Amino acid sequence: MVLISRHAELRDNVAFTTASSAGGFVCRLSSSVTAYVGLKDENRRLAGEVAELRGEVYILRNCLSLSKLPSGGDSVFVARVINNSISRKQNYITIDKGSDDGLQEGMGVYDSRGVIGIVYRTSARYALVMSLANTDSNVSCSIKGRGSLGFLRWDGSDIYTAYLTELPSRSGVSVGDTVVTSGYSRAFPKDLPVGYVTSVKISDDGSPVVVVGLSVDFSNLEYVYIGKGNLSDDIPEITDN
């Protein structure tokens, strides 16, 4: 009877330990799934809050640059990237916001790191964004602190590198300088980060061709912000966008 009792006790301990381990695993798995779902919801909430704050900064920039109150049409939207191409000559990004949400063609798209591209086409619920990593992209930029204007273009090779062309020969640009939006476009306000100068070459006509390391990693995009721009419609465009 002692042996049977000890055997039963051992069996119950093994069963309890096994059940506890299995239960703990299930609990941890359930907790991980719940935490993951909760984290996605929290990311969406935080992205919305950041968009609201960026919207306020965006409008304040407009007020300072135009020295007038906003017309009420300025806003910033947050959207999630649902498709993204990076291996083509003409790369596009699809986002889950469209004309029903207030998006329009020509709006600037960026994230916390810098400029991503411009809204190219819209449907009711989705929009197609032409990224900077597109050979048709052409964005007016400047060297921060120097005021020299140029055009950022991509040559279709490295998605992390673009070229700033048409700078004046005496621009004084040097390696390490920051490249930002010029503000002379309806797509973007002034001084949004674009990248930094990695090297400077001199073209045949004596003007500098600046190699720019882009601020945004186009292989890693999740949430983006979309803004209207900072110039009124009666001011002519300087870029081709």
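If I take R0 = 45 Å and measure r between the Cβ atoms of Val175 and Asp100 in this structure, what FRET efficiency does the formula 1/(1 + (r/R0)^6) give, to the nearest 0.05? Efficiency for this residue pair is about 0.50.
The Cα atoms of region 162-231 cover 40, 30, 18 Å along the three principal axes, with the biggest extent listed first. Of all the accessible heavy-atom surface of region 93-241, with the other protein chains kept in place and a 1.4 Å probe, what percent is carbon and sulfur? Of the solvent-accessible surface of region 93-241, carbon and sulfur hold 46 percent. Rounded to the nearest 20, the size of the Cβ-charge dipole of region 122-233 about its Cα centre is 360 debye, with Lys and Arg at +1 and Asp and Glu at -1.
Placing unit charges on the Cβ atoms only, positive for Lys and Arg and negative for Asp and Glu, gives region 140-181 a dipole magnitude near 200 debye about its Cα centre.
Ranked by the mean number of other Cβ atoms within 10 Å per residue, highest first, peptides 192-201, 82-91, 123-132 order as 123-132, 192-201, 82-91. Need one word for region 66-163: rounded, prolate or oblate. Basis is the Cα gyration tensor (sqrt eigenvalues a ≥ b ≥ c); a/c below 1.5 gives rounded, then a/b vs b/c decides. Oblate.
For a test of the definition: using alpha carbon positions, the gyration tensor, and the 1.5 limit on a/c, classify region 117-219 as rounded, prolate or oblate. Prolate, since a/c reaches 1.5 and a/b exceeds b/c.
The values are calculated or read from the model by the stated rules, or taken from the named source; none is laboratory data. Everything numeric here is computed off the predicted structure, so don't read it as measured data. Because the Cβ atoms are built from the backbone with ideal geometry, glycine has one as well, and the counts that use them run over all protein chains shown. With ligands, DNA and RNA removed, areas are computed over all heavy atoms of the protein, side chains included. Shrake-Rupley method; radii C 1.70, N 1.55, O 1.52, S 1.80 Å.
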